[in-house]
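Engineer: Let me give you the structure first, and then I'll get to my questions.
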Amino acid sequence: MKLASLKSARDGALVVVSNDLTRMTSAADIAVNLQLALDNWARLAPRLEALAASLESGEIAGDTFNQADCCSPLPRAYQWADGSAYVNHVELVRKARGAEIPDSFWIDPLMYQGGSDSFIGPRDDIEMPTDQGWGIDFEAEVVVITDDVPFGVSVDEALSYVKLIMIVNDVSLRGLIPGELAKGFGFFQSKPSSSFSPVCVTPDELGDAWRDGKLHLPLLSTYQGELFGKPEAGVDMTFNFAQLIAHAAKSRPLAAGTLIGSGTVSNKLNDGPGKHISDGGVGYSCIAEVRMIETINDGKPTTQFMQFGDRIKIEMNDANGKSIFGSIDQKVAKLHG
């Protein structure tokens, strides 16, 4: 089943979307928005599945689905907790500034709690008051949406609470991160609103690509019209989603509608840093990783962060080359007002 939220009121209007992303039908008679569906998932999911089957079979003609009409599947959420499951990415960040990663990073996930009250629509501009100094960057990641997760859930049980999956552009302001981390209290200003895919899907839609708590498909990032990254999301993922969910719920329950992110998808090459696609690698899921490798190899970075007018597109295709979640397709624009 594929679900989306059309721009309507503050929490969107829930629709069921056809597998090929061409048609949709309103789910208002079942749940007016996705959060309401998640709050009552055990009772409402079978009705949504039946509606999806009717749309797929043609019993319901449906309306044309336009991704530009979508907000985030959850335009605001009770919780957005982003992990850093690809320790290769973390290792590069620290190596670029001459620091080793502690051994604990390989056995205990990193996670921060991001702002969840104002997500950006998948086709809306990333608006910023300045493109200088703040270091605007994209980060392509995979995200799961959970049902209510009990306090202290075990790793073995955690995946049963994953109800939906999508992708995200976790926008970062790299120029603000060092100052915030130096205070020893984590991210805040350096992590503005994130952008999620137009569509979220139930795990069964992914078939064998969803296994072992990982999504085994390439995550594609096209920057300024050129393929920038195609790393495999199921490769080099040190912590799977079961481990990330259990980590988040170690000391508290998680409410239905909690978003858990994978962190920037990052692959190694021959047990070392990844390479540009043009050099035979799979590229990168953020600009910062390119700059890290430039710093390691050349002593300084040369690739600029995003400027006004720059465009990023993030998507994931199935084994037949068909889009699964639709695409995040945005440009950086000057904030007005």
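Engineer: In deg cm²/dmol and to the nearest 500, what is the mean residue ellipticity at 222 nm of the chain if only DSSP H runs of at least 4 residues count, each as -39500 (n - 2.57), divided by the residue total?
Structural biologist: Helix-only estimate at 222 nm: -5500 deg cm²/dmol.
Engineer: Right, something else. Rounding to the nearest 20 debye, state how big the charge dipole of the stretch 76-201 is about its Cα centre with +1 on each Lys and Arg Cβ and -1 on each Asp and Glu Cβ.
Structural biologist: 280 debye
Engineer: Using the Cβ atoms and a cut-off under 14 Å, what net charge is assigned to the surroundings of ILE277, where Lys and Arg are +1 and Asp and Glu are -1?
Structural biologist: -2
Engineer: With point charges of +1 on the Cβ of Lys and Arg and -1 on the Cβ of Asp and Glu, referenced to the Cα centre of the chain, which listed residue (ALA288, SER323, LEU176) lies farthest in the positive direction of the dipole?
Structural biologist: LEU176
Engineer: Divide, for the chain, the radius of gyration over alpha carbons by 2.2 N^0.38 Å, where N is the residue count.
Structural biologist: Dividing the Cα radius of gyration by 2.2 N^0.38 Å gives 0.96.
Engineer: Hey, another quick one. Suppose R0 equals 25 Å; then what is the FRET efficiency for GLU180 and ALA68 from their Cβ-Cβ distance, rounded to the nearest 0.05?
Structural biologist: The formula returns an efficiency of 0.15 here.
Engineer: How many nm separate the modelled label positions at ASP117 and ASN317, each set 7 Å beyond the Cα in the direction of the Cβ?
Structural biologist: 4.1 nm
Engineer: Okay, next question. Take each uninterrupted DSSP H stretch in the chain, measure its Cα extent along the helix axis, and return the ones at 18 Å or beyond whose mean Kyte-Doolittle hydropathy is at least -1.0.
Structural biologist: Taking the DSSP H segments of the chain (at least 18 Å long, mean hydropathy at least -1.0), we get 41-57.
Engineer: Let me ask something additional. Pulled fully out, how much extra length does the chain show between ILE296 and LEU227, if you take 0.36 nm times their separation in residues and subtract their Cα-Cα distance? Show your work: numbers first, answer last.
Structural biologist: Details: separation 69, 0.36 × 69 = 24.84 nm, distance 2.30 nm.
Value of the extension gain: 22.5 nm.
Engineer: So what is the relative contact order of the chain, in percent, for Cα pairs below 8 Å that sit 6 or more residues apart?
Structural biologist: 23 percent
Engineer: Where in the stretch 232-263 is the amide nitrogen less than 19 Å from a point lying 7 Å along the Cα-to-Cβ axis of ASP212?
Structural biologist: 232-246, 262-263
Engineer: Let me ask something else. Out of the GluC sites (Glu not before Pro) in the stretch 31-109, which ones are loop residues according to DSSP with at most 11 other C-beta atoms within 10 Å?
Structural biologist: Answer by residue number: GLU59, GLU100.
Engineer: I need the shape label for the stretch 143-211. Rule: rounded when a/c is under 1.5, else prolate if a/b > b/c, else oblate, with a, b, c from the alpha carbon gyration tensor.
Structural biologist: It is oblate, given that a/c is not under 1.5 and a/b is not larger than b/c.
Engineer: Per residue, how much accessible area does the chain show when a 1.4 Å probe rolls over the protein heavy atoms, in square angstrom?
Structural biologist: 43 Å²
Engineer: For the residue pair THR130 and GLU59, what label-to-label distance in nm results when each label sits 7 Å from Cα along the Cα-to-beta-carbon direction?
Structural biologist: Result: 5.8 nm between the two label points.
Engineer: Of GLN243, THR302, LEU3, which is farthest on the positive side of the dipole of the chain, counting Cα position, with +1 on Lys and Arg Cβ, -1 on Asp and Glu Cβ, and the Cα centre as origin?
Structural biologist: THR302
Engineer: When the accessible area of the chain is computed with all protein chains present and a 1.4 Å probe, what percentage of it is carbon and sulfur? Please list the in-between numbers first.
Structural biologist: Values: 7120 of 14560 Å².
Ligands and nucleic acids excluded, carbon and sulfur reach 49 percent.
Engineer: About its Cα centre, how strong a charge dipole does the stretch 216-320 have in debye, to the nearest 20, once Lys and Arg get +1 and Asp and Glu get -1 at the Cβ?
Structural biologist: Its charge dipole is roughly 380 debye.
Engineer: If you place +1 on the Cβ of every Lys and Arg and -1 on the Cβ of every Asp and Glu, how big does the dipole about the Cα centre of the stretch 29-99 come out, in debye to the nearest 20?
Structural biologist: 640 debye
Engineer: Rounded to the nearest 0.05, what FRET efficiency is calculated for SER251 and THR303 with R0 set to 45 Å and r the Cβ-Cβ distance? Each step should come with its number before you reach the end.
Structural biologist: Working: r = 39 Å, r/R0 = 0.87.
The formula returns an efficiency of 0.70 here.
Engineer: Of the cross-linked pairs LYS163/LYS214; LYS2/LYS163; LYS2/LYS268; LYS183/LYS331; LYS191/LYS331, which ones have a Cα-Cα span greater than 21 Å in the structure shown?
Structural biologist: From LYS163/LYS214; LYS2/LYS163; LYS2/LYS268; LYS183/LYS331; LYS191/LYS331, over 21 Å: LYS2/LYS268; LYS183/LYS331.
The values are calculated or read from the model by the stated rules, or taken from the named source; none is laboratory data. What you are looking at is a predicted structure, and each value in this text was computed from that prediction instead of being measured. Positions of Cβ are backbone-derived with ideal geometry, glycine not excepted, and every protein chain shown enters the neighbour counts. For accessibility, only protein heavy atoms count, side chains too; no ligands or nucleic acids. Shrake-Rupley method; radii C 1.70, N 1.55, O 1.52, S 1.80 Å.
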